[in-house]
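So the structure is just underneath, and the comments pick up after that.
Values in this text are rule-based calculations from the coordinates and carry no lab data. Every value quoted in this text rests on a predicted model; they were computed, and no experiment measured them. Cβ sites come from the backbone with ideal geometry, for glycine too, and all protein chains shown count toward neighbours.
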């Protein structure tokens, strides 16, 4: 397994640790109005998110792009982001409708990727709108878990709205660009 794929696998393995930190029945003190465990969760999430940036750059620069990487990298992102959003929704930091939009888009694109593989035999690589979507989602989640660092400006809330906008846009873009997959049944 090459280094980018190891980083992707590491990102997937960070998810149970992230869940554990947020699920432990520890009476955390509060930091900026949020349980201090959230700060540790933010660090874990940020570290896992950093591997997303690194694995892609290393894979492209060293010509180590693999079908496993094209499949597992976006899957790892989806698992990480959806897990973080579900906890944020549970704790009332993100409205359920936002989480629903993001989860629905992610599942729809996963289905689209499956159809493309079945029809073309190729794995659909992430496009720029999807990369921007992932970046804004991850950045918003980090700020939300850090409770905006005590800032009077709700940076995390602003970023999550931007993330939802990019989520919708990139989902539409993927379907428009790959509409030929549906041409046989329409």
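Length gained on full extension, residue 108 to residue 127: 5.3 nm, using 0.36 nm per residue less the C-alpha separation. Estimated purely from DSSP H runs of n ≥ 4, each contributing -39500 (n - 2.57), the mean residue ellipticity at 222 nm for the chain is -25500 deg cm²/dmol once divided by its residues. Which FRET efficiency value, to the nearest 0.05, is calculated for residue 66 and residue 20 with the Förster distance at 41 angstrom and r the Cβ-Cβ distance? Step by step, r from the Cβ atoms, then E = 0.85.
Taking the C-alpha atoms only, the angle from helix 3-23 to the longest principal axis of the chain is near 40 degrees. By other beta-carbon atoms within 10 Å, ranking 18, 182, 135 with the fewest at the front produces 182, 135, 18. Among 181, 117, the order by Cβ neighbours within 10 angstrom, fewest to most, reads 117, 181. Each peptide in 42-52, 85-95 receives the mean, over its residues, of other Cβ atoms within 10 Å, and ordering these scores from highest gives 42-52, 85-95. Projecting label points 7 angstrom from Cα along Cα→Cβ for residue 1 and residue 120 puts them 2.7 nm apart.
Identify which of the listed values of Cα Rg over 2.2 N^0.38 Å was calculated from the structure shown: [x] 1.77; [y] 1.02; [z] 1.07. After the calculation, the listed value that fits is [z]. Once C-alpha pairs closer than 8 Å and six or more residues apart are averaged by separation and normalised to the residue number of the chain, the relative contact order reads 24 percent.
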